1. From the list G49, G31, G7, G27, exactly one residue is part of a loop (DSSP other than H, G, I, E, B) and open to solvent by less than 60 Å² (accessible area, probe 1.4 Å). Which is it?
2. Inside region 10-19, can you point out the residues that are open to solvent by less than 90 Å² (accessible area, probe 1.4 Å) and either farther than 22 Å from C52 by Cα or at pLDDT below 95 (or both)?
3. Every residue in region 10-24 that is more than 14 Å from the chain's Cα centre (by Cα), in a loop (DSSP other than H, G, I, E, B) and charged (D, E, K, R), please.
4. Which pairs turn up if I take residues in region 36-65 that are of a type in the set (D, E, K, R) and look for partners that are not in a strand (DSSP E or B) with beta carbon separation below 6 Å, at least 6 apart in sequence or on another chain?
5. Determine which single condition V38 fails, assuming it passes every other condition in (1) in contact with a Gly (Cβ under 8 Å, 6 or more places away or on another chain); (2) in a helix (DSSP H, G or I).
Amino acid sequence: TGILKLGKQYAEENGIECYISLEERMGCGIGACLGCAVKVISGKEPRYGHVCKEGPVFEACEVIF
């Protein structure tokens, strides 16, 4: 995740729209097992999103590393 974090930082500093593709272990593929949960921010509240349901591609500004 180091390179993704650097890419996100660079995009934010330079006003570039950026999307990142995340890879997580997926036990069930439907979000029930929570094995693919990643911390994201939607609106002002942080929450856990599911890579298998909502991803694997996220806007970089949404992902919290």
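The values are calculated or read from the model by the stated rules, or taken from the named source; none is laboratory data. Everything quoted here is computed from the prediction, not taken from an experiment. Here the Cβ is made from the backbone with ideal geometry for all residues, glycine too, and neighbour counts use every protein chain on show. Protein only, heavy atoms only, side chains kept; ligands, DNA and RNA dropped before computing areas. Shrake-Rupley method; radii C 1.70, N 1.55, O 1.52, S 1.80 Å.
1. Answer to the selection: G31.
2. Filtering region 10-19 for residues open to solvent by less than 90 Å² (accessible area, probe 1.4 Å) gives 11, 14-16, 18.
Passing the criteria: A11, N14, G15, I16.
3. First, the residues of region 10-24 that are more than 14 Å from the chain's Cα centre (by Cα): 10-17.
From the residues that got through so far, the ones that are in a loop (DSSP other than H, G, I, E, B) too are 15-17.
Hit for region 10-24 is E17, nothing else.
4. As it stands, the answer is K39/I64; K53/G31, since those pairs meet every condition given.
5. Every condition holds for V38 apart from (2).
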